[in-house]
Amino acid sequence: MKTFSMTDVGRTRQLNQDYVFTSEEPVGNLDNLFIVADGMGGHNAGDYASKFTVENVVELIKNSEETQPAAIIEEAVAETNRRLLEQAKSPELSGMGTTLVLCTIHGTEACIANVGDSRLYLIGEDIRQVTHDHSLVEEMVRLGEIEPESARMHPNKNIITRAIGAGEEVKIDFFQITLEKNTILLMCSDGLTNMVDDKDIKFIVDRQRDVVEITESLIKAANENGGKDNIAIVIIEPFADEVKEC
């Protein structure tokens with residue numbers, strides 16, 4: 001396995017509210033753990049929300065007695081949501097929240113969870129968005145009110161319908177996928193996907209030599225296209241260390 005992660009403040013924001021965590025080594029009963037969070041809230045509240053959420057999720061996963069990945073993640077996210085709501089009682093942190101996309105890999109199986117509109121893509125011969133955005137615009141697409149091609153530039157594209165810290169209960173989407181050789185997982189905040197479309201993401205991934213170049217090139221593309229938001233990226237090449245057959 002080879003991985004690389006990076007965040008960037010972008011071209012227009014003063015504060016980086018994105019936060020990532022990566023561990024190729026076991027975290028509690030999970031074989032590995034990768035997280036992207038995109039905070040929201042005034043002043044430094046979004047920055048605080050994403051960092052607080054990721055750190056608490058990691059701590060709770062480390063200490064979990066559950067053995068199944070989905071149960072471990074669900075327990076950790078629910079408790080973190082409760083803790084974040086407690087923190088948000090402070091006036092300076094009121095209304096804060098964060099998206100969350102999380103992945104853990106066991107053998108050829110990946111367990112993925114998401115809340116909000118940060119994404120995970122599976123990239124091989126083609127590019128496929130595995131997670132579903134919890135956003136107003138995505139709901140409009142699903143209802144047939146707008147075409148998918150119009151979603152990325154829609155004026156309401158940043159209005160999300162689920163977030164950690166948005167309410168007493170947090171609903172998490174889970175996805176289980178089987179990984180094949182020569183595939184790459186891309187986890188990212190919307191600071192990438194609002195600036196670079198899926199076709200161009202695939203084009204960039206195909207033309208870089210390793211996970212570091214992929215990450216740096218994607219961030220460069222997002223900034224060259226405007227860099228209107230913070231950018232967070234985690235690249236995972238699950239089978240990079242395996243010997244290729246002749």
For this session: Please state which of the following conditions N225 fails to meet, knowing it meets all the rest: (1) within 18 Å of the chain's Cα centre (by Cα); (2) more than 30 Å from R82 (Cβ to Cβ).
Result: (1)
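To keep it simple, each residue is scored yes or no on (1) in a helix (DSSP H, G or I); (2) surrounded by fewer than 19 Cβ atoms within 10 Å (Cβ to Cβ); (3) modelled with pLDDT of 95 or more; (4) of a type in the set (D, E).
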position	(1), (2), (3), (4)
V20	no, no, yes, no
I35	no, no, yes, no
G39	no, no, yes, no
H43	no, yes, no, no
A49	yes, no, yes, no
V54	yes, no, yes, no
V57	yes, no, yes, no
I61	yes, no, yes, no
T67	no, yes, yes, no
For this session: Any chance you could count how many residues in the range 115-135 are assigned to a strand (DSSP E or B) and either under 18 Å from V77 (Cα atoms) or at pLDDT below 95 (or both)?
Result: 4
Exercise. Counting only residues that are within 21 Å of E237 (Cβ to Cβ) and out of contact with any Cys (no Cβ under 9 Å at 6 or more places or on another chain), how many does the range 75-113 have?
Worked result: 4
For this session: Can you work out which of the residues in the range 175-196 that are modelled with pLDDT of 95 or more and surrounded by fewer than 14 Cβ atoms within 10 Å (Cβ to Cβ) is nearest to the chain's Cα centre (by Cα)?
Result: Q176
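Conditions tested, residue by residue: (1) over 27 Å from G41 (Cβ atoms); (2) within 13 Å of the chain's Cα centre (by Cα).
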{"position": "E86", "(1), (2)": "no, no"}
{"position": "K89", "(1), (2)": "no, no"}
{"position": "L93", "(1), (2)": "no, no"}
{"position": "N114", "(1), (2)": "no, yes"}
{"position": "L120", "(1), (2)": "no, yes"}
{"position": "G124", "(1), (2)": "yes, no"}
{"position": "R128", "(1), (2)": "yes, no"}
{"position": "H134", "(1), (2)": "no, yes"}
{"position": "E138", "(1), (2)": "no, no"}
For this session: Could you please tell me which pairs satisfy a Cβ distance under 7 Å, a separation of 6+ or placement on different chains, a first residue in the range 88-109 that is within 11 Å of I177 (Cα to Cα), and a second residue that is of a type in the set (F, W, Y)?
Result: C103/F34
Exercise. Taking the stated definitions as given, is I219 farther than 15 Å from K2 by Cα and touching a Leu at 6+ places or on another chain (Cβ under 9 Å)?
Worked result: yes
Problem set entry | Any chance A76 is surrounded by 14 or more Cβ atoms within 10 Å (Cβ to Cβ) and either out of contact with any strand residue (DSSP E or B) (no Cβ under 7 Å at 6 or more places or on another chain) or among the hydroxyl-bearing types (S, T, Y) (or both) | yes
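The values are calculated or read from the model by the stated rules, or taken from the named source; none is laboratory data. Remember, predicted model here, so these are calculated numbers, not experimental data. As a convention, Cβ positions derive from the backbone with ideal geometry for all residues, glycine included, and neighbour counts pool all protein chains shown.
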